[in-house]
Amino acid sequence: MKFIEFCLMSLDKPILGNLSKYNYKVAIVEGIKKLSRANDLILIPRITRTNIEDLKVAPKNMVKVLKVRSNDDIKDPIRLRRIAHAISLTSEALLRLGRKSVEKLYNFDIPVELPLKSLLDAMESQKYLKGLVNIIKAVLRKNLEIIFTACPSKPNEVIHPVMLISILEELGITGTYALKPLTLTPLRVLRSVGYVIHV
Amino acid sequence: MFTILLALIVASLAISVISLIYTASVRSKLRILLMSIKARTLKSYIKSLEERKKVRRRYLVFEFISEESIERHEFEELVKRYFKELFGSVELTKAGISVVILDKKICKGIIKFNSIYRSKILTALALLQIRNGIIIHPLRTTGTLKKALRYAKLVKK
């Protein structure tokens, strides 16, 4: 099975080498401007911003991701759906995101990116992760689509997909629900941008 | 005479209709009750089966890349430390983690653990990779040490 890395922060050779070794086929890279290929990987440009206005002016071929910190960032889901392809949750969002905001996400079919870094940061605070709990519930009950990624910027941050799946299993997302965030959901986002890739 | 007969027939018909309706309603209630009992018993049966399930040993073959040289006991300590950080000491004692082999020449190792803790071990290894910079590539999980050694290519076929 081939996997998709939804957030790659650097284009270092060891990182790309590790990705292709771990059966990744596509990597969505922050900072590049057009589609390219390297190390048997398809590299797709991505832009991440905290302000939705910045995403509006970004080129059409880029995967547009909005960084969400609080409930206020998802106030207008219709506009969000029109501009951004997915939203990325920060550690603050994992702590605070309420039930109604999560409801908006699955009602308007907005995919949610869950970076491993923000998950670990949120876990370090040793507080009740209200947002994470609400999201897991929504994934299991309402089919909210999530994308799980390690967001590697160093070679040691490239995590094997089997390990990522096991982390999801430990969070309570098991079976096909754990496999989808690394394969089908990122692929669906890419198709919504206009990239037809067969994995 | 005729009126009495007619009244009797009507009364019997009414009684039969009422009894039919009553049995139908009771039947549906009974069915629901039986189904719930079945679901409950089935659940408890599955739970008891899971509890009875024999905990088997598993061997995880992995490849590692480390900038600094690392000894077997050091690696085991690291794995246990991160496992404990994530899941606590109770789970650590149940998991039965031990690093059987850590070959620095071919950069491969084998971890032994109880079968139900596979995903927990992998989560701990992911945390170890992020925090300590030791890149870990899980290759295969096997049921016997013999097979694990074969996959790690530490023993010829």
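The values are calculated or read from the model by the stated rules, or taken from the named source; none is laboratory data. The structure displayed is predicted, hence computed values, not measured ones. Cβ sites come from the backbone with ideal geometry, for glycine too, and all protein chains shown count toward neighbours. The protein model used for the area step is the full one, side chains on, heavy atoms only, and it has no ligands, DNA or RNA in it. Shrake-Rupley method; radii C 1.70, N 1.55, O 1.52, S 1.80 Å.
With θ taken as phi - 60° and the Karplus curve 6.51 cos²θ - 1.76 cosθ + 1.60 applied, the whole-hertz 3J(HN,Hα) list for the stretch A:46-57 is 9, 10, 10, 9, 8, 10, 5, 5, 5, 6, 4, 8 Hz, x standing for glycine and proline.
Heavy atoms of the protein chains alone define the surface here; on that basis the stretch A:86-171 has 40 Å² accessible area per residue at 1.4 Å probe size.
For the pair A and B, how large is the buried accessible area, both sides, in square angstrom to the nearest 100, if the probe is 1.4 Å? What A and B bury together is about 1600 Å². A simple spin-label model places pseudo-atoms 7 Å from Cα toward Cβ; at residue B:29 and residue A:39 they are separated by 6.9 nm. Considering helices alone, the calculated mean residue ellipticity of chain A at 222 nm is -11500 deg cm²/dmol, with DSSP H runs of length four and up weighted by -39500 (n - 2.57) and normalised per residue.
Close amide-amide hydrogen proximity is noted between residue A:97 and A:131, each under 5 Å apart and 5 or more residues distant or on a separate chain (H modeled in the peptide plane; Pro and chain starts excluded).
Loop-located GluC sites (Glu not before Pro) in the stretch B:1-70 (DSSP state other than H, G, I, E, B) with a sparse environment of at most 11 neighbouring Cβ atoms within 10 Å: B:67, B:68. Here the protein assembly as shown carries DSSP beta bridges of which approximately 50% are antiparallel, counting only pairs with both residues inside.
Close amide H pairs (under 5 Å, H built 1.01 Å from N) link residue A:113 with A:87, A:88, A:89, A:147, residues at least 5 positions away or on another chain.
Residue by residue, the stretch B:135-142 carries 3J(HN,Hα) couplings of 6, 10, 10, x, 9, 6, 10, 10 Hz when phi is fed to the Karplus relation 6.51 cos²θ - 1.76 cosθ + 1.60 (θ = phi - 60°); x denotes Gly or Pro.
Qualifying trypsin sites (Lys or Arg not before Pro) in the stretch A:11-49, where qualification requires a DSSP coil assignment and no more than 16 other C-beta atoms within 10 Å, comprise A:33, A:34.
In whole angstrom, how far apart do the alpha carbon centroids of the stretch A:176-194 and the stretch A:107-161 sit? When both Cα centres are located, 14 Å separates them. Distance between the pseudo-spin-label points of residue B:153 and residue A:177 (7 Å out from Cα toward the beta carbon): 4.0 nm.
Annotation: amide H of residue B:101 within the under-5 Å range of B:110, sequence separation 5 or more or interchain, hydrogens built in the peptide plane. Specify the residue with the greatest mean-square fluctuation among B:108, B:80, B:54, computed from a Gaussian network of chain B linking alpha-carbon atoms under 10 Å apart. Of B:108, B:80, B:54, the most mobile in the Gaussian network model is B:54. In the elastic network of chain B, a GNM with C-alpha springs shorter than 10 Å, the most mobile of B:34, B:20, B:122 is B:20.
Counting other Cβ atoms within 10 Å, which chymotrypsin sites (Phe, Trp or Tyr not before Pro) in the stretch A:91-139 have at most 15 and lie in a DSSP loop? Within the stretch A:91-139, the qualifying chymotrypsin sites (Phe, Trp or Tyr not before Pro) (loop, at most 15 other Cβ atoms within 10 Å) are A:108, A:128. Measuring from each cysteine beta-carbon in the protein assembly as shown, the ones with no other cysteine beta-carbon under 4.7 angstrom are B:107. Would you work out if the stretch B:28-83 is rounded, prolate or oblate? Take a ≥ b ≥ c from the square roots of the eigenvalues of the alpha-carbon gyration tensor; rounded if a/c is under 1.5, else prolate when a/b is larger than b/c, oblate otherwise. Prolate. Basic side chains Lys and Arg get +1 at the Cβ, acidic Asp and Glu get -1 at the Cβ, and with that the dipole of the protein assembly as shown about its Cα centre reaches some 1260 debye.
Ranking A:45, A:138, A:80 by Cα position along the charge dipole of chain A, where only Lys, Arg, Asp and Glu carry charges on their C-beta atoms, puts A:80 farthest toward the positive end. Ranking B:128, B:12, B:22 by how far each Cα lies toward the positive end of the dipole of the stretch B:12-157 (charges on Cβ) leaves B:12 at the top. If only the Cβ of Lys and Arg carry +1 and only the Cβ of Asp and Glu carry -1, the dipole of the stretch A:104-173 around its Cα centre is close to 300 debye.
In sequence order, the stretch B:81-95 has phi-based couplings of 5, 6, 5, 5, 4, 7, 10, x, 6, 5, 5, 4, 5, 6, 5 Hz under the Karplus curve 6.51 cos²θ - 1.76 cosθ + 1.60, θ = phi - 60°, and Gly or Pro positions carry x. Simple point charges give the picture: +1 on the Cβ of Lys and Arg, -1 on the Cβ of Asp and Glu, and for chain A a dipole about the Cα centre of about 600 debye. For chain A, the antiparallel share of DSSP beta bridges with both residues in that region comes to about 10%. Rounded to the nearest 0.05, what FRET efficiency do residue A:96 and residue B:106 have when you use their Cβ-Cβ distance and R0 = 45 Å? It comes to 0.40.
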